[in-house]
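The structure under discussion appears below in the form of structure tokens.
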Amino acid sequence: MRLSCITEDAQIEMWSDENYDSDYDPWVAADQAEKCAALSGIRISRNKNLTFLALNDRQEVVGATWGAVVQDSDMDGDFYDFDVAVHPDHRNAAIGIKLIEANISYARQEDVVGILSHVVNPKLVRV
């Protein structure tokens, strides 16, 4: 699946280690994504994989998401669980919202009954 959208400040792309047709090195991008998470104080669960990147016009990662399909023992079925991290210098843009929207679109294509979200940013609770 190739999902891409443009925000004012970034392009959102699905991450793949086989993304050879892109303008960025996927492994360098993965390292940059982890730095965004560290700067944001977000700890990514081990069961989650890098899913989407927000890239600026210099192909630098300014935000990213990690996700996994998980089974909830209290519910009947699988859920999509994801984390979002946006570099502190880019938080006033719509990057976080676009990353969330990309994950919701992705989750709708998976065979899941819902989405799990643990929001640490009070401004995003309503989203």
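Values computed for the structure shown
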item	result
Accessible surface, 1.4 Å probe, highest first, among residues Ser117, Ser45	Ser117, Ser45
Distance in nm between pseudo-label sites at Glu60 and Leu39 (7 Å out along the Cβ direction from Cα)	0.7 nm
Accessible area per residue in Å² at 1.4 Å probe, computed on region 29-93	56 Å²
Projected label distance in nm at Asp31 and Leu116, using a 7 Å step from Cα toward the beta-carbon	3.2 nm
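The values are calculated or read from the model by the stated rules, or taken from the named source; none is laboratory data. What you see is a predicted model, and the numbers here were worked out from it, not measured in a lab. Here Cβ is always computed from backbone atoms with ideal geometry, including for glycine, and neighbour counts include all displayed protein chains. With ligands, DNA and RNA removed, areas are computed over all heavy atoms of the protein, side chains included. Shrake-Rupley method; radii C 1.70, N 1.55, O 1.52, S 1.80 Å.
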